[in-house]
Each structure stands twice: as C-alpha cells, then as structure tokens.
1. Extending each Cα 7 Å along its Cβ direction at SER5 and SER280, get the distance between those two points in nm, one decimal.
2. What number comes out for the charge environment of ASN148, summing +1 per Lys or Arg and -1 per Asp or Glu over other residues with Cβ under 10 Å away?
3. Which of TYR36, TYR99 has the fewest other C-beta atoms within 10 Å, and how do the rest follow up to the most?
4. Tell me the label-point distance for the pair GLN256, ALA70, using the 7 Å Cα-to-Cβ offset, in nm and rounded to one decimal.
5. What are the extents of the Cα atoms of the range 184-291 along their three principal axes, in Å, largest first?
6. Along the charge dipole of the range 31-152, pointing to its positive end and built from +1/-1 on Cβ of Lys, Arg, Asp and Glu, which listed residue (ALA50, ALA150, ASN134) has its Cα farthest out?
7. Mind grabbing the base-10 log of I(q)/I(0) for the range 101-235 at q = 0.10, 0.21 Å⁻¹? Debye formula, identical points on the C-alpha positions, no solvent, two decimal places.
8. Give me ASP207, ASP310 sorted ascending by neighbouring Cβ count inside 10 Å, so fewest comes first.
Amino acid sequence: MYGASFEEVRKKLDKIKGDSANGVLVADRSTSIRDYLEYWLRGIAAHRRATTLRGYESAVRLHIVPVLGAKKLDKLTGADVRHLIAVCRQKCLCCTNGYDKNRKKEKQCCSAARCCGRIPSRRQIQYIHAVLRNALSNAEREELITRNVAKLVQIPTPRYKVGKGLPVSDVKRLLSAAKGTRFYPVYVLAATLGLRRGELLGLRWSDIDFTKNILQIVQTVQRVSGRLLIDETKSDASDAVVPLPKITRTVLLEHQGHQTKVRDDAGELWTDHELVFTTSIGTPIEPRNLNTHWEVIRAQAGLPGVRLHDLRHTVVSLLLEPGTPPHVVQAIARHADLDVTMKIYAHTNLDTMRQALDNIDWDVE
C-alpha cells in the first residue's frame, strides 16, 4: 500500500479494514474474475427474485467463469470480453449444460462425436454479456476497477419474433375442450386477461375484489432449483391492478364455490395459502402439471402447436386489432415498455394491411 504520507496510508488501511469487516470485497492484484463474481452473486442474492438469481448464477457458472474466471479483475480488457462472446457463440449448449451425462449413449451429443449444433441464440449471448456488464458496473461503483470494459463491447440486439395470437374461434375451441376440467378457470383467466403461467398459479383470493371488479397481480409460483417457490412478480409493471371482465368474474365465483367444497372434503389435510388455484389439499400447483394438462387440452381441440403463453399474445392482438389505444393495451398486458407491446405481440393480419393499402386513392385523371 502506498501513500504520500503516513496519515494517508493509515486512512487507506482503516478503510480496507472497515470494508473487510462489513463483507465488502477487498480487491488486490490477485483478485480474479471468479472470486469477484462469487462475491457479487452473494451480495445480490437478497435483492433479486429467485428466478433472476438462478439465471445470473447459470450465466456465471456455465459461460463466464470457464472463459474468464482466471483473469485478474483489474486486468480485464475489452478484447477479453470479445473473446468470451466469440467462444459462447460457437459452444454446444448440450455440452455446456452437461446433458450427455444423463443421456443414453445413442442419444448423446458431443460425447459421442456427433454435435447437434445447438448453439446459444442471439438473445442468450446478449444475456451473458448483460450479466457480466452488470457485475462489472457493481465493481466500478465499489471502486474496484476504474472502468467497465464490458460496456466497450457492443452486442447485436435480438430480433424478437412476433407473438402468435390466436383467432377467437381457436380460443373458443380450447376453452370448450377444457370445460369441466379443474384447470378451466385458469384458461379463462389466461384467455381474458393474458396472465402469465406463474401469475395464474400465484393468484390469491385477497387479490380479487368482486365488488369493484378488479384483480391485482402481486406474486407468482415458480419452480427454482428443485424447489416450488411463491415469489414476487416479474417487474414493477407486472405488479398491477386490472379490471375483471364479466365472464372471468362469473367463472371465478363458480370456482370459489367449488374450492370451498374441496377444502371441506380435505379437512385437516388442507394447507391454506389463500391461493385461487391449488391442489386438492390447498398447496400450490406444480407449473409442469399445468403444462401437461394443457398439452392434452390443445390436442383435443385440434391445436397441437399452441402454447399456453399464446393466450397472452392473443389478448394483446385482439385488443390492438379494433384500434384500442396502445397505452391501454400496455396497461392490461403490464409490459414495462410500450415497444414490447407493439414489437413482440402486435399482429397485423393481411386483410388489415390490404385494407390500409386500398384506402390510398390511386385514381389518375
């Protein structure tokens, strides 16, 4: 440690001792990217959703550390970051995630010298870069590095696919196939309000006001690292109040009555989480069980390729098509950015485009 005077050195030493006592990383020339990222993940664990933290941890463990882990934190360069991106673009995801370990030999990928060619998408590359950039921004704020070199590397923006909205006739077929099943109210809610899977399963009766006909989304049910968790919503925009359509209100009231009977039948076995959609003993529903049921319903409806999330896209598309103001649709869909509403989900059909073109007066005198 160096300083212009004894007093300056003493102050620096006192600061280092204080930071160390408070759990702040004391970086020196031996601090590696691996050491810093482990410290960073521990520090943000209490401030991020479980699913977000899992994504960060995976990006660090599977992608960043294998390439940059041994590099010194204060010696990292833009060239190092570009090297990371180049390696990630070429790596096989099957090998990276260790899928071959649990596969039969005839289904193995690179372990059997026949790579499937499943490489990271542009969105995944952007995410890996974003995780490293966020970590280095934290190091910059803590004055462990002088600049964030990840910001010097530009990553192409992913091209998002247009959401696959369904025609009303297809939605009716799906709901007709689900009529009478335990998940019918779930599908009605998804089709009329566009709630995400985790939001549907995390909905509580206290979040619904049948007098004011409003519904609040505040939590989700997710499986994270082998555990079923009740967590907060995706973002501040997701945490919102939306109006309750008449059909949805009717179905939910009927479901409430049915759940009361189920709770009475369960007796002491019932575990009350106040959830709208539960198992037969009141516990949260496993998200994968909903997926399995949906696969049966869509097959019965003759729509095998339709995803449950497509119902969310459908709500937005159907609202935009008759001319509903985009900001109103954004509020209902609870998107943080209007561009998401318009770019990912808005679907303009050929008939609408043809009509718009035909409205141009091309008569030549």
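Every number here is computed from the coordinates shown, using simple stated rules; none is lab data. Keep in mind the model is a prediction, meaning the values are calculated, not measured. Methodologically, a virtual Cβ is constructed for each residue, glycine included, from the backbone with ideal geometry; neighbour enumeration extends over all protein chains shown.
1. According to this spin-label approximation, the distance is 8.0 nm.
2. Within the 10 Å Cβ shell, the charges total +3.
3. Fewest to most other Cβ atoms nearby, the residues stand as TYR99, TYR36.
4. 6.3
5. So the extents along the principal axes, rounded to whole Å, are 35, 34, 22.
6. Comparing the listed Cα positions along the dipole, ALA50 ranks first.
7. Debye output, listed in q order: -0.69, -1.19.
8. Taking fewest neighbouring Cβ atoms as first place, the list is ASP207, ASP310.
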